[in-house]
Amino acid sequence: MLQTAASSLGIELSSIGGRDAREIEGAVIEFAHSPNGGLIVLGSAVTVLHRDLIIALAARHALPAVYPGTYFVTAGGLISYSADSTDPHRRAAGYVDRILKGEKPANLPVQNPTKYELAVNLKTAKALGLKIPDRLLATADEVVE
């Protein structure tokens, strides 16, 4: 779906990956040679483990990047947009209540996230020469200065 949306806007998407620091660094360096590039970092154990490296590579190669959690932004990443990490736990309490009242767990619907968090790092934006619109900053849950 993301590929289709990007194509309709004339944007080319490329997938890069790596299982360790050396592979990640090589992939980002190769990608950085493409014009008008930016990163969308997906959440995984590998990206969390190598968070500092990915943020440093994005900064070194002047690549704007969107990350899968606020903890990337507080560590120096540009922006994150992700599901609120505490909301599912709150809603799980409602499921526990329903199960204790006799509902079968198999009959309970799977719930998708309903609350999302936006975090922006203004220092990183400035280093990349980006001006974050005031309207976006006004909607951000966290702004790192």
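The values are calculated or read from the model by the stated rules, or taken from the named source; none is laboratory data. Treat the numbers as computed from the prediction; the structure is a model and nothing was measured. Heads up, the Cβs are rebuilt from the backbone with ideal geometry, glycines too, and the neighbour counts pull from every protein chain shown. Protein only, heavy atoms only, side chains kept; ligands, DNA and RNA dropped before computing areas. Shrake-Rupley method; radii C 1.70, N 1.55, O 1.52, S 1.80 Å.
Run through the stretch 8-72 and list the GluC sites (Glu not before Pro) located in a DSSP loop whose Cβ has at most 15 other Cβ atoms within 10 Å. List each step's numbers first, then the result.
Working: sites: Glu12, Glu23, Glu25, Glu30; in loops: Glu12.
For GluC sites (Glu not before Pro) across the stretch 8-72 that sit outside H, G, I, E and B with at most 15 neighbouring Cβ atoms in 10 Å, the list reads Glu12.
Helix 87-100 sits at what angle to the longest principal axis of the chain, using alpha carbons and giving 0 to 90 degrees rounded to 10?
Helix 87-100 sits roughly 20 degrees off the main axis of the chain.
Taking amide H positions as placed 1.01 Å from N in the peptide plane, with prolines and chain starts having none, which residues 5 or more places from Ala83, or on another chain, fall under 5 Å of its amide H?
HN-HN under 5 Å from Ala83: Glu117.
By how many degrees, 0 to 90 and rounded to 10, does the Cα axis of helix 51-60 deviate from the longest principal axis of the chain?
Approximately 30 degrees, to the nearest ten.
Return the carbon/sulfur percentage of the accessible area of the chain, one whole number, probe 1.4 Å, all protein chains in place.
Summing carbon and sulfur atoms, their accessible area is 58 percent of the total for the chain.
Between His61 and Ala27, 0.36 nm times their residue separation minus their Cα-Cα distance comes to what?
On the way: separation 34, 0.36 × 34 = 12.24 nm, distance 1.21 nm.
11.0 nm is the gain from fully extending His61 to Ala27.
Using a 1.4 angstrom probe, figure out how much accessible area the stretch 9-145 has per residue, in square angstrom, rounded to the nearest whole.
66
One-quarter of the Cα convex hull surface for the chain, in nm²?
Its Cα hull, projected and averaged over all orientations, spans 11.1 nm².
Check cross-link reach from Lys123 to the lysines: straight Cα distance under 23 Å, and skip same-chain residues fewer than eight apart.
Lys131
Beta carbons within 10 angstrom, averaged per residue: use that to sort the peptides 48-58, 101-111, highest first.
Working: 48-58: 18.6, 101-111: 8.0.
Ranked by mean Cβ neighbours within 10 Å, highest first: 48-58, 101-111.
Could you work out the local net charge near Val48, counting Lys and Arg as +1, Asp and Glu as -1, over the other residues with Cβ closer than 15 Å to its Cβ?
The answer is 0.
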